[in-house]
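**Q** Starting off with a structure, shown below.
The values are calculated or read from the model by the stated rules, or taken from the named source; none is laboratory data. Being a predicted model, the structure only gives us computed values, none of them experimental. No Cβ is skipped: glycine too gets one built from the backbone with ideal geometry, and neighbour counts run over all protein chains shown. SASA here: full protein model, heavy atoms, side chains in, ligands and nucleic acids out. Shrake-Rupley method; radii C 1.70, N 1.55, O 1.52, S 1.80 Å.
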Amino acid sequence: MKKIFNHIIIILVLTFITISCSKVSDTSDEPEIPNNPAPASLFFEKNVLLEQYTGTWCGYCPRAVGQIEDLLAVDNKVVHIAMHLSDEITYSYTSSLFQSFGFTGVPTVHADRSSVWTGNIGAITSMHIAENLGLAINVSNSGTTVTANVKVKFGKQYSEALKLSVYLLTDNITANQANYYNADQSSKYYQKGSPIANFMHRNVMTKSGTDIFGELIPAASTVHSGIYSKTIDFAGISASTFPNIRIVAFVSYSNGTNGKRVINSVMGSVGENKDFVQN
């Protein structure tokens, strides 16, 4: 009996070990639950928006004009707008924009609506850091209407409220320009006249296709890989000016710690189609 009892004990122990090993083996064969990481952020080429507040009556303004010319000669990722105040080529809402930043005098050059630029080219170069937001623009015309189709692509989820602004500019407008540097031999405007007759004014703000402070982009669009599109018609544009028409589109923060800062910008001419430039 004792031997039989011992055999039974051994059989039970072996059976328990076999079942336990089988359970361990079964567990190791179970499929793993996949880990779904957040999608990698997308980055886009960064253009710097440069808004030049100026006036044909401003004798000090040629200094800023010269600095901007030097910058544009070496940096093709700058979007330039000339915002004229109280002169014959002023856009009526420019003064509201100027005052909203607390500016009191010209020339004032605002870079990405975040810092005043005083002519240091390196300061702009350092701002070309890739952004998580890109813009594409297609500018066409029909009769006397210029149409801008703007697209914004988001390379990450934005929790902040964002605004899109779309402006129409006119390049190469001639108008006399006051010049306090006519007797300054170090100036490129030395002996150019005071005022300078038929001075060429570049990229002059002419119309806004959105509110001057921008229009809110729906929060549903500001998600990773989301694309927001807006088409704007600028009517009553003389066909003779088409070669000098420029459309600028940019996205800025609406409020918060980054309030009003421009994230990215793009400029297009009539007949030009620019796609997103992803890094």
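**Q** At 0.36 nm per residue, and after removing the present C-alpha to C-alpha distance, how many nm does the segment from Gln185 to Val116 gain when stretched out fully?
**A** 22.2 nm
**Q** In debye, nearest 20: dipole of the chain around its Cα centre with unit charges on the Cβ of K, R (+) and D, E (-)?
**A** 500
**Q** While we're on this one: Would you kindly state how much longer the chain becomes between Ala130 and Val74 on full extension, computed as 0.36 nm times their sequence separation minus their alpha carbon distance, in nm to one decimal?
**A** Extra length from Ala130 to Val74 when fully extended: 18.3 nm.
**Q** Per residue, how many Å² of accessible area does the chain show with a 1.4 Å probe? List each step's numbers first, then the result.
**A** Working: 14630 Å² over 279 residues.
On a per-residue basis, the chain sits at 52 Å².
**Q** Could I ask something else about it? Is the shape of region 40-92 best called rounded, prolate or oblate, per the rule: a/c under 1.5 gives rounded, else a/b larger than b/c gives prolate, else oblate, with a ≥ b ≥ c the square roots of the Cα gyration tensor eigenvalues?
**A** oblate
**Q** Among Asn198, His84, Val277, whose Cα sits farthest toward the positive end of the charge dipole of the chain (+1 at Cβ of Lys/Arg, -1 at Cβ of Asp/Glu, about the Cα centre)?
**A** My answer, from the dipole projection, is Val277.
**Q** Among Asn198, Asn264, Asn179, which one shows the biggest mean-square fluctuation in a GNM of the chain, springs joining Cα atoms closer than 10 Å?
**A** Asn198
**Q** Assuming R0 = 35 Å, what is the FRET efficiency of Ser225 and Tyr60, from their Cβ-Cβ distance, to the nearest 0.05? Please list the in-between numbers first.
**A** On the way: r = 47 Å, r/R0 = 1.33.
E(calc), rounded to 0.05, equals 0.15.
**Q** Helix 61-74: angle to the longest alpha-carbon principal axis of the chain, degrees 0 to 90, nearest 10?
**A** Helix 61-74 sits roughly 50 degrees off the main axis of the chain.
**Q** What does the C-alpha gyration tensor say about the overall shape of region 103-262? Classify as rounded when a/c is under 1.5, otherwise prolate if a/b is larger than b/c, or oblate.
**A** Because a/c hits 1.5 or more and a/b fails to exceed b/c, region 103-262 counts as oblate.
**Q** Which residue fluctuates the most in the chain, going by a Gaussian network model with Cα springs under 10 Å, if the choices are Gly155, Gly226, Gly143?
**A** Highest fluctuation among the options: Gly143.
**Q** Helix 2-28: angle to the longest alpha-carbon principal axis of the chain, degrees 0 to 90, nearest 10?
**A** Tilt of helix 2-28: around 10 degrees.
**Q** If I compute solvent accessible area with a 1.4 Å probe over the protein chains, what percent of it on region 190-255 is carbon and sulfur?
**A** Roughly 51 percent of what the probe reaches on region 190-255 is carbon or sulfur.
**Q** Towards the positive end of the charge dipole of the chain, with charges on Cβ (+1 Lys, Arg; -1 Asp, Glu), say which of Ser114, Tyr158, Val146 has the farthest Cα.
**A** Tyr158
**Q** Place a point 7 Å from Cα of Asp211 in the direction of its Cβ. Which residues in region 219-250 have their backbone N less than 19 Å from it?
**A** Residues 219-222, 229-233, 249-250 qualify, since their backbone N sits under 19 Å from the label point.
**Q** Once the Cβ-Cβ distance between Tyr93 and Asn258 is put in as r, and R0 is 35 Å, what FRET efficiency do you end up with, to the nearest 0.05?
**A** About 0.95, to the nearest 0.05.
**Q** I want to verify a result. In a Gaussian network model of the chain, Cα cutoff 10 Å, which of these has the top mean-square fluctuation: Gly134, Gly209, Gly102?
**A** Its mean-square fluctuation being the largest, the pick is Gly102.
**Q** Out of [x] 1.40; [y] 1.03; [z] 1.52, which label holds the value of Rg/Rh (Cα atoms, Kirkwood Rh) that was computed here?
**A** It is the one labelled [x].
**Q** Shifting gears a bit: How many nm is it between the label spots at Glu45 and Asn176, if each spot is 7 Å from the Cα in line with the beta carbon?
**A** Once both label points are built, they end up 4.2 nm from each other.
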